[in-house]
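Accompanying notes for the structure given below.
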Amino acid sequence: MKKLFAAAVLISAFAVSAYAQSPIKLSLFDNIAWPKPEKTNVVIGLIDNNTPTVHGVDFNLFSARADEMYGLQIGLLYNRATTMKGVHGAIFTRASDAVGGQLGFINLADKVTGVQWGLLNISKTEMLGVQLGWINLAEKATGLQYGIYNQAQTFTGLQLGIVNNINTIDKGLQIGIVNLIRNNGWLRGMVLVNGRF
């Protein structure tokens, strides 16, 4: 009887640990999934997959959410991750802390270290790397902004675009048709080139 009880406890413990982490998750909608792990390596989902931790590939037809996403997250409409390290791709991508690449029509992040590539790229606090798009907006930018309209509150690096707009430049160069620098630039507005070294 004791051996039977010990075997039942061992099997239950294994089942609980397998439930907490699974190598693959199949998801139909939000928590309608099998299994329902807290952490997984591969997610294949349909609509609004919600997995707390994904270290690997998160592929969803429409949308996906994760608190911690390390690897590749691809969806058609919307992807969101609190912490994202890797590549994030959808029509609309959203991350609090993005390290790697956001590839979509609209890319939004609080902090970006890497690349934002889309029609509209927004970094709400800090961008360290490259923004490639039609409209690039950053609070504090260090690196390259390349697009039709580039804007940063504090900037170090290179802006290439038709209209480049900086509130305060630390060090860098603007090349474009209209180049505006409110503080620390050669001039407040110049055609073709403006900057500070």
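General remarks:
- Residue check for residue 67: free of Cβ contacts under 8 Å to residues at least 40 places away in the same chain, touching a Pro at 6+ places or on another chain (Cβ under 8 Å) and either assigned to a strand (DSSP E or B) or under 30 Å from residue 170 (Cα atoms) (or both): yes
- One residue stands out in the stretch 112-129 among those that are of a type in the set (A, V, I, L, M) and over 21 Å from residue 62 (Cα atoms): the one that is nearest to the chain's Cα centre (by Cα), namely 112.
- Among the residues making up the stretch 84-111, none is under 14 Å from residue 58 (Cα atoms), of a type in the set (S, T, N, Q) and surrounded by fewer than 22 Cβ atoms within 10 Å (Cβ to Cβ).
- Only one entry of 195, 157, 176 meets the criterion of being small (Gly, Ala, Ser), closer than 25 Å to residue 115 by Cβ, under 22 Å from the mean Cα position of the chain (by Cα) and assigned to a strand (DSSP E or B), and that entry is 157.
- Members of the stretch 68-98 that are acidic (Asp, Glu) and closer than 15 Å to residue 116 by Cα: 97
Each value in this text was obtained by applying a stated rule to the coordinates, not by laboratory testing. None of these values were measured; they are calculated from a predicted model. Every residue, glycine among them, receives a Cβ derived from its backbone with ideal geometry; neighbour counts consider all protein chains shown.
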